[in-house]
Amino acid sequence: MTLKLRLAALALLAPCLAAAQSFTQSYAVHDAFAAGKYAPLDGPERWQRWRSEDGGSAAIHLDSFAVAAITQAMNVPPQWGRTPLGFGRRVGSEYGGFLIANSVHEGIAAVAGTDPRYFPCACSGFFRRGGHALEMTLLTYNRQGRKTLDMPQLTGQYGGQMISTLWYPPHYSPLVQGVQFGHLEMGLIGTIHLVQEFSPELKRFFHVGAKAAAAAP
């Protein structure tokens with residue numbers, strides 16, 4: 001039951017976490033992919049991306065605290081208790097899982113030459129754009145700008161969640177709960193891509209640009 005509660009908590013939080021990442025990270029505003037203009041990331045750019053978006057971004061801290069707050073309220077796992085120490089363990093656990101997943105993703109992508117960024121669809125229409133966002137949860141671009149299976153992403157998300165179960169109570173298994181957590185993380189990635197794909201419309205709807213301009217001195 002505790003596993004189901006944690007999965008339910010993360011599923012409910014997914015749209016909020018996706019919106020937070022899309023509105024706080026710079027890679028949400030890339031232009032649509034164009035093969036003729038595509039330039040793969042070089043080494044310094046990959047390192048800068050990890051520092052600014054994966055390792056030390058506001059989103060990774062927000063994600064960790066948000067998930068920890070929900071699991072603290074649900075007392076998942078119950079062995080950690082609803083105490084300040086339990087909350088600290090939950091925050092550390094979520095942060096560690098996110099950090100491992102992001103680092104593995106970025107590291108393997110650098111070796112394989114795949115692109116960890118999300119590029120909006122160069123198309124129109126809700127269903128075509130939504131389909132592109134979900135497709136790019138499993139695919140990415142190689143050095144030649146061709147679509148390929150995003151093994152670095154899959155390895156990072158599943159590997160990070162499997163590793164994170166090692167500091168959970170003993171009955172949590174990397175091959176059972178770890179894989180299930182990985183499924184949910186891939187669902188979260190898909191949600192993030194949907195928010196990124198439609199972020200121009202969402203920002204206009206919430207008047208984000210207008211509010212920022214009004215707040216400027």
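The values are calculated or read from the model by the stated rules, or taken from the named source; none is laboratory data. Here the structure is a predicted model, which means the values were calculated and not measured. All Cβ positions, glycine included, derive from the backbone under ideal geometry; neighbour counts span all protein chains shown.
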query = Going through the stretch 110-138 one residue at a time, which ones are more than 12 Å from Glu197 (Cβ to Cβ) and either within 15 Å of the chain's Cα centre (by Cα) or surrounded by 15 or more Cβ atoms within 10 Å (Cβ to Cβ) (or both)?
reply = Ala110, Ala112, Thr114, Asp115, Pro116, Arg117, Leu138
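Just checking, how many residues over the stretch 31-46 are touching a Pro at 6+ places or on another chain (Cβ under 6 Å) and surrounded by 14 or more Cβ atoms within 10 Å (Cβ to Cβ)?
Of the residues in the stretch 31-46, the ones touching a Pro at 6+ places or on another chain (Cβ under 6 Å) are 32.
Restricting the remaining residues to those that are surrounded by 14 or more Cβ atoms within 10 Å (Cβ to Cβ) gives none.
Going through the stretch 31-46 one residue at a time, the tally reaches 0.
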key: Criterion: under 30 Å from Asp42 (Cβ atoms), modelled with pLDDT of 85 or more and surrounded by fewer than 21 Cβ atoms within 10 Å (Cβ to Cβ) - qualifying residue of Gly160, Gly145   = Gly145
query = Any chance the stretch 163-179 includes a residue that's under 23 Å from Leu194 (Cβ atoms), touching a residue at least 24 places away in the same chain (Cβ under 8 Å), in a helix (DSSP H, G or I) and not hydroxyl-bearing (Ser, Thr, Tyr)?
reply = no
key: Residues satisfying the stated conditions in the stretch 74-88, i.e. surrounded by fewer than 18 Cβ atoms within 10 Å (Cβ to Cβ) and either assigned to a loop (DSSP other than H, G, I, E, B) or touching a residue at least 40 places away in the same chain (Cβ under 8 Å) (or both)   = Met74, Asn75, Pro78, Gln79, Gly81, Arg82, Thr83
remark   = Those residues of the stretch 95-110 that are free of Cβ contacts under 8 Å to residues at least 60 places away in the same chain and more than 17 Å from Arg46 (Cβ to Cβ) come to a total of 1
